[in-house]
Amino acid sequence: MFDFVHERKRLVQIVLALIVLPFAFFGIDTYRKSGSVEALAEVDGEKVTQQEFDKVLQDQQERVRQMAGGQVDPAMFDRPEVKQSILDGLVNQKLLQSQAQKARLWVDDEQLREMIAGIEAFQKDGKFDQQQYESVLARQNMSPLLFEARVRQELGARNLTQPYAQGGYASATVADRLIRLSEQERMVSLVQISQANFTSQVKVDDAAVKGYYDQHQAEFKVSEQARVEYLAFNAGVLQSQVSVTDDEIKQYYDEHQSEFGLPEQRQAAHILITTSGDEAAQKAARAKAEQVLDEVKKSPGKFAELAKKYSQDPGSASAGGDLGYFGRGQMVKPFEDAVYSLKAGEISGLVQSDFGFHIIKLIGVKGGKIATLAEARNPIEHKLRLQKAGDKFAELAEKFSNLVYEQSDSLKSAAELVKIPVQQSPWLVKGQPDGGVLWTDKVLQAVFSDDVLKNKRNTAAIEIAENTLLAARLLEHKDASVRPLADVSAMIRQKLVAEQARDLAIKQGKDALAQLQRGEMPAVAWTPVQSVTRNRHPGVEGELAEQLFKAPADKLPAYFGAATPQGFALLRLDAVKEVGDIDEMKRARFQQQLRQFTGDALMQAYLAEVRKKADITTKPLVAAETK
């Protein structure tokens, strides 16, 4: 669907992304006066500070929380590989900024103003608004000076790397080869020899069960367990403890009118005649577009039919040129201006954009309505209640944490403070988080600490999600042990039967494969023939898929086989269907993907080479702990 009309907005989107980029926003002085600041790494004299690292880690935690709806285990960010990735990213960032400065790649004041003015988040009623600009930055704990300095640095680094990232190469020959490989069809039939067919032939005696038990004690070890009482304190439980007045709802409605409007959207169809940079081609395209426009004027009711016939927009031509509904800011300006100047059913004259000449038909208009106060009341009340609950949580969180710590022999006072009941957990297993929000790896480490088990103290108040704290204390504890043979003998017997049955299935499968490859025909039940490709091969996995797609097609049928988790699989290759003529658009898509892939490789190679020549020192990862 006319996706390429958005391409011109990419640079502005990149700048907007800087607002939430996973790198800290610090002033120029932070970089120049960091001599006394703790440094985790140094790149050509520029320091990566603990402050920067902590800010990036905090930003990433917040971003993941938002994506996961708040259901995130903070312990996941304590992993060494996560911290190392953040530190490497900061080092690369400093390195690229340094290289950009050496190459004198920067953005001048006029370009910077134009760039920032074009960011929608800083606009009001379609125009740049200084107050909006400062307000958005304030919510990110930034001043305009710091933001603008950071934008200059990031865009300078991007100007340095862009030629590499966009310098990928892809020949038509390579693209064609990949297309033929990925779309080649192989006609196959399968036989699954399942271990289930052999279980009745297997007998496992008590001695075998006992022998397995004695040799595999670790499998039957029961980890240390504990049961606790706990408080899970979050902003949600405080919603019932706050109230929202009618005046507050009315004030919010009056001050946030833009939130309650349904923005107008328009549905349009178009016929696109593309152009190139060549002047002669431009004239030819205009002449062609004018010819098509004459046909449209003569038969406006056949617009969709003519779009299918003439339009060179691959995303919409087959749909009669229909682009669906879209709002302001989603299309290039000449196209958008034309659409919003039309009435439903009207057809434009020729509209020229960077992509060619458009003939546009407005199909429909929807939206543009402002909700009444009565209609908006419930969502406003809910939002204000959440805000107040969040404010109250922030007010009580420190007191809650202090009470849990200071009165470490009971959760009673903390429960009375926040007016929530103490709850009891099921049996918790050391080192085995349950995958939910409460019993995360970080919480279990606290529960099974000596301070809780031996000293009988409360855990600290642990942040388990955004605006959510958990504190616990021990009720019962069980040491690690080994389950008795009587409890696990049935499980062991079942496992041994399955293993031996699988061995029988594999033996039969290998025998059948040998017969097939000798030209004999054993009695096996082949599935109906199916078509598989390298990208789509259901039922043909692992070693079997590798054998199939490596096999030459000069002598068919060919037979293959491989062990599977459930037994053995036989495969018969009957035919190979090669790709015919390759569509130009498909070739172009593959070439674009290859260019992107090779461009990324060039960028990584450049970065690796620059890193070799740079003076980079880093502290051990343990020094990169958050404070």
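Just so it is clear, none of the values below were taken in a lab; they were calculated from the coordinates. Just so it is clear, the model here is predicted, and its values are computed rather than measured. Quick reminder, even Gly has a Cβ in these numbers, built from the backbone with ideal geometry, and neighbours come from all protein chains shown.
Going from the fewest other Cβ atoms within 10 Å to the most, the residues 427, 526, 439 appear in the order 427, 526, 439. By the gyration tensor of its Cα atoms, with a ≥ b ≥ c the square roots of the eigenvalues, what is the shape of region 401-552: rounded for a/c under 1.5, prolate for a/b over b/c, or oblate? Prolate shape, in that a/c is at least 1.5 and a/b is the bigger ratio.
Placing +1 on the Cβ of every Lys and Arg and -1 on the Cβ of every Asp and Glu, with no other charges, gives region 408-562 a dipole of roughly 180 debye about its Cα centre. Peptides 229-238, 201-210 ranked from most to least packed, by the mean per-residue count of other Cβ atoms within 10 Å: 229-238, 201-210.
Say each of residue 44 and residue 507 gets a label point 7 Å from the Cα, pointing the same way as Cα to Cβ; how far apart are those two points in nm? Those two pseudo-labels are separated by 6.9 nm. Can you give the FRET efficiency for residue 247 and residue 366, using 1/(1 + (r/R0)^6), R0 = 35 Å, r = Cβ-Cβ distance, to the nearest 0.05? E(calc), rounded to 0.05, equals 0.55.
Our coupling estimate for region 453-462, obtained by passing each phi through the Karplus curve with A = 6.51, B = -1.76, C = 1.60 and θ = phi - 60°, is 6, 9, 8, 6, 9, 5, 6, 5, 6, 9 Hz, Gly and Pro reported as x. 3J(HN,Hα) along region 597-606, derived from phi through the Karplus expression 6.51 cos²θ - 1.76 cosθ + 1.60 where θ = phi - 60°, amounts to 4, 6, x, 4, 5, 4, 4, 5, 5, 4 Hz, with x in place of Gly and Pro. Amide H to amide H, with H built 1.01 Å from N, residue 49 comes under 5 Å of 40, counting only residues 5 or more places away or on other chains.
Positive end of the dipole of the chain (Cβ unit charges, origin at the Cα centre): among 138, 256, 606, the Cα lying farthest that way belongs to 606. Simple rule: put +1 on each Lys or Arg Cβ and -1 on each Asp or Glu Cβ in the chain, find the dipole, and look at 552, 325, 97; the Cα lying farthest toward the positive end is 552.
Excluding residue 239 itself, what net charge comes from residues whose Cβ is under 13 Å from its Cβ, given Lys and Arg +1 and Asp and Glu -1? Here the count lands on +3.
Checking the cross-link pairs 399/456; 288/361; 309/577; 47/612; 361/383 against a 29 Å limit on the alpha carbon distance flags 309/577; 361/383 as lying beyond it.
Annotation: amide H of residue 434 within the under-5 Å range of 439, sequence separation 5 or more or interchain, hydrogens built in the peptide plane.
Backbone phi angles across region 471-476, fed through the Karplus curve with coefficients 6.51, -1.76 and 1.60 (θ = phi - 60°), yield HN-Hα couplings of 10, 9, 9, 6, 10, 9 Hz in residue order; Gly and Pro are listed as x. Remark: the residue 185-residue 284 segment gains 31.5 nm on full extension, using 0.36 nm per residue and subtracting the alpha carbon distance.
Spatial offset of region 514-558 relative to region 168-193 amounts to 16 Å, using the alpha carbon center of each. First measure r as the distance between the Cβ atoms of residue 546 and residue 495, then evaluate 1/(1 + (r/R0)^6) with R0 = 35 Å and state the FRET efficiency to the nearest 0.05. In this case the efficiency is close to 0.75. Computed per residue of the chain from DSSP H runs no shorter than four, each worth -39500 (n - 2.57), the mean residue ellipticity at 222 nm is -15000 deg cm²/dmol.
Remark: spin-label model distance residue 101-residue 604 equals 2.9 nm, labels positioned 7 Å along the Cα→Cβ axis.
Take the Cβ-Cβ distance between residue 523 and residue 216 as r, set R0 to 56 Å, and report the resulting FRET efficiency rounded to the nearest 0.05. E between residue 523 and residue 216, to the nearest 0.05, is 0.90. Full extension of the chain segment joining residue 454 with residue 374 gains 23.0 nm, where the gain is 0.36 nm per residue of separation less the Cα-Cα distance.
Around residue 321, under 12 Å between beta carbons, what's the net of Lys plus Arg minus Asp minus Glu among the other residues? Once positives and negatives cancel, what remains is +1. Taking a ≥ b ≥ c as the square roots of the Cα gyration tensor eigenvalues, with a/c under 1.5 meaning rounded and otherwise prolate when a/b beats b/c, else oblate, which class fits the chain? Verdict is oblate for the chain.
Each Lys and Arg Cβ is given +1 and each Asp and Glu Cβ -1; about its Cα centre, the chain then shows a dipole of about 1100 debye. Does region 324-369 come out rounded, prolate or oblate by the C-alpha gyration tensor, with a ≥ b ≥ c the root eigenvalues, rounded set by a/c under 1.5 and, if not, prolate when a/b is larger than b/c and oblate if not? Here region 324-369 falls in the oblate category. For residue 189, the shell of other residues with beta-carbons less than 12 Å away shows a net charge of +1, using +1 for Lys and Arg and -1 for Asp and Glu.
Taking amide hydrogens as placed 1.01 Å from N in the peptide plane, the amide H of residue 313 sits under 5 Å from those of 272, each at least 5 positions away in sequence or on another chain. The trypsin sites (Lys or Arg not before Pro) of region 539-603 meeting both criteria, a DSSP state outside H, G, I, E and B (loop) and at most 11 other C-beta atoms within 10 angstrom of the site's C-beta, are 555.
Between residue 62 and residue 117, the modelled labels are 2.9 nm apart [label points 7 Å from Cα along Cα→Cβ].
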